[in-house]
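The values are calculated or read from the model by the stated rules, or taken from the named source; none is laboratory data. Just so it is clear, the model here is predicted, and its values are computed rather than measured. Every residue, glycine among them, receives a Cβ derived from its backbone with ideal geometry; neighbour counts consider all protein chains shown.
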Amino acid sequence: MKTSTGRRTGVIAAVCIAVAAMLANPQPAAAATSVNENFEDSVADGFTVPTGAYTVISDGSKDYRTTSSAARAVVGDPTSTNVEVRADIKVASWATPTARTAGLMARYTDTNNYYLFIYEDGQLRIGKKVGGTLTTVASKAFALTTGAWYAFAATVTGNSLTLSVNGVEQLSTTTTGLTAGKVGLLSFNGDVRYDNVVATDIPAPPTTSAYDTAVLADAPVGYWRLGDGGSTVADSSGNGHTGTYTGAPATTTLPNGDPATTFNGSSQYASIADGDYLSIPTTGRITVEAWLRPDVLQFAHQESTGYVHWLGKGTAGQHEYTARIYSLTNSENRPNRISGYSFNLGGGLGAGSYFQDTVTAGQWIHYTLVINTQSVSGYPTGYTKVYKNGVLRDQDSLQDYGIIPGNGTAPLRIGTRDLASYFQGAIGKVAVYGQELSGTRIAAHYAAM
């Protein structure tokens with residue numbers, strides 16, 4: 001198999017994900033699904049075709065095509081349980097006005113038993129076929145244009161299933177009925193082409209520490225402990241919001257010995273696909289919590305007046321929030337200030353809170369940012385708060401800069417925000433909550449480390 005040329009703008013690059021080693025309490029060896037196929041050698045390595053027919057064709061590059069009325073192609077380890085499968089999918093044309101389907105499968109054992117992550121007749125769907133009975137578990141309206149490529153990504157972690165398209169999480173649900181199986185491609189009644197098919201096992205999470213227990217007790221909507229050691233960013237919240245690492249960052253340890261991720265400050269970061277759960281308007285409030293360890297005081301890849309965004313959600317026209325640290329020397333005379341901001345989607349000045357203390361390179365800091373749009377005394381349109389090491393340090397009004405947080409489409413990135421600056425140091429235990437955590441709970445988290 002050849003390496004993907006990355007020929008399509010916006011297509012999620014193929015990555016090969018290594019299974020992370022267990023940190024404690026050794027477990028039996030996990031099943032291994034590892035697929036990275038772009039068909040450039042004109043061979044669909046490892047694929048079998050239970051129904052229909054596929055051929056490798058040239059369509060700009062080599063693609064895996066089917067025109068069968070019912071087509072399935074499967075690959076991987078039949079004993080795999082937790083898995084992610086991605087593929088670029090294009091429907092050249094449909095053969096019928098209904099029952100038009102294209103997508104992916106997971107935990108496939110035979111034609112009567114599998115999970116499906118598909119587009120069908122104007123909708124995206126997550127479904128299951130168990131014992132021959134087909135059930136839709138989650139669905140939403142979606143417009144698919146024939147002739148256009150779409151990057152589909154499906155994950156199965158325990159009973160949690162997600163479907164993302166073009167890097168945006170579209171559906172997330174839970175279900176039961178299937179425990180293991182291969183991954184695959186699925187289509188009905190169309191000329192459907194597939195490319196850059198990638199499938200990998202999702203690593204088992206490390207042993208739960210006292211800190212993890214404290215965080216999970218507050219029901220985060222996403223919890224990325226980091227330090228995974230591969231290319232998949234595991235979500236320990238149970239909601240299946242897995243992400244990916246870019247640049248193969250190294251691992252390190254937190255004060256309690258739990259793993260974390262070290263970023264090189266020039267090109268490495270982690271990315272979590274956009275989803276409503278990451279945006280403030282969904283509940284009107286959000287708490288973002290993490291541990292950071294700056295390994296330098298002056299950042300080589302900084303932006304604007306001399307700062308880096310070490311975590312955040314926002315790109316041009318889609319600004320939401322960010323966590324920032326200034327270099328020791330900067331043009332605003334804010335030596336190593338650590339802050340958090342909420343923005344209007346269009347950008348401009350943000351409303352934010354900060355603390356500015358002496359920072360020691362290599363020292364861990366517990367950081368918590370709260371953004372709440374509820375009206376309370378003194379804060380008619382809401383506020384931002386920032387905590388350091390479990391202690392509230394600053395609170396500011398959203399009204400000061402006319403901030404009305406919006407629901408954008410940017411991913412959540414860790415180690416950078418919009419690739420304009422990069423954090424050099426370590427980050428761990430990133431948690432997002434659809435609520436404002438109390439000061440008591442934030443202090444309890446810090447104490448649990």
Note down all Cβ pairs under 6 Å where the first residue falls in region 74-88 and is in contact (Cβ under 8 Å) with a residue 60 or more places away in the chain and more than 14 Å from residue 110 (Cβ to Cβ), the second is aromatic (Phe, Trp, Tyr) and assigned to a strand (DSSP E or B), and they're at least six residues apart or on different chains. 87/152; 87/194; 88/149
Can residue 272 be described as modelled with pLDDT of 95 or more and either surrounded by fewer than 22 Cβ atoms within 10 Å (Cβ to Cβ) or within 30 Å of residue 103 (Cα to Cα) (or both)? yes
Out of 212, 228, 195, I need the residue that is assigned to a loop (DSSP other than H, G, I, E, B), of a type in the set (Asp, Glu) and on the phi < 0 side of the Ramachandran plot. Which one? 228
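Take region 248-265 and flag every residue that is in contact with a helix residue (DSSP H, G or I) (Cβ under 9 Å, 6 or more places away or on another chain) and surrounded by fewer than 17 Cβ atoms within 10 Å (Cβ to Cβ).
The answer is 256, and nothing else.
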Kindly provide the set of residues from region 206-230 that are of a type in the set (Ser, Thr, Tyr) and surrounded by 16 or more Cβ atoms within 10 Å (Cβ to Cβ), ordered by number. 209, 211, 223
What is the residue count in region 419-442 for residues that are surrounded by 18 or more Cβ atoms within 10 Å (Cβ to Cβ) and either hydroxyl-bearing (Ser, Thr, Tyr) or at pLDDT below 95 (or both)? 3
Give all pairs with beta carbons closer than 9 Å in which a residue from region 322-337 that is at positive phi meets a residue that is at pLDDT 95 or above and not in a loop (DSSP other than H, G, I, E, B); count only pairs at least 6 apart in sequence or on separate chains. 336/294; 336/325; 336/326
Which condition does residue 143 not pass, out of (1) outside the structural domain of residue 431 (by TED's automatic domain parsing); (2) surrounded by 15 or more Cβ atoms within 10 Å (Cβ to Cβ), if it passes all the others? (2)
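Got at least one residue in region 333-345 being among the small types (Gly, Ala, Ser) and surrounded by fewer than 16 Cβ atoms within 10 Å (Cβ to Cβ)? Spell out how you get there, then give the answer.
Residues of region 333-345 among the small types (Gly, Ala, Ser): 339-340, 342.
Still in the running and surrounded by fewer than 16 Cβ atoms within 10 Å (Cβ to Cβ): none.
No, region 333-345 has no match at all.
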Region 146-155: number of residues that are surrounded by fewer than 20 Cβ atoms within 10 Å (Cβ to Cβ) and either β-branched (Val, Ile, Thr) or not in a strand (DSSP E or B) (or both): 3
Those residues that are within 19 Å of residue 201 (Cβ to Cβ) and aromatic (Phe, Trp, Tyr), I need them from region 236-267; list them, please. 245
Mind telling me which of the residues 223, 245 ends up being touching a helix residue (DSSP H, G or I) at 6+ places or on another chain (Cβ under 9 Å), in the same structural domain as residue 314 (by TED's automatic domain parsing) and part of a strand (DSSP E or B)? 223
Per the filter on region 79-99, residues surrounded by fewer than 14 Cβ atoms within 10 Å (Cβ to Cβ) and either more than 22 Å from residue 200 (Cβ to Cβ) or modelled with pLDDT of 95 or more (or both) are 93, 95, 96, 97, 98
Which numbered condition residue 245 fails, given (1) touching a residue at least 40 places away in the same chain (Cβ under 8 Å); (2) within 22 Å of residue 82 (Cβ to Cβ); (3) surrounded by 20 or more Cβ atoms within 10 Å (Cβ to Cβ): (1)
If you scan region 338-379, which residues turn out to be modelled with pLDDT of 95 or more and more than 28 Å from the chain's Cα centre (by Cα)? 355, 356, 357, 358, 359, 360, 361, 379
In region 213-237, what residues are over 13 Å from the mean Cα position of the chain (by Cα) and closer than 24 Å to residue 447 by Cα? 213, 214, 215, 216, 217, 218, 219, 220, 227, 228
All but one of (1) in a strand (DSSP E or B); (2) in the same structural domain as residue 60 (by TED's automatic domain parsing) hold for residue 176; state the number of the condition that does not hold. (1)
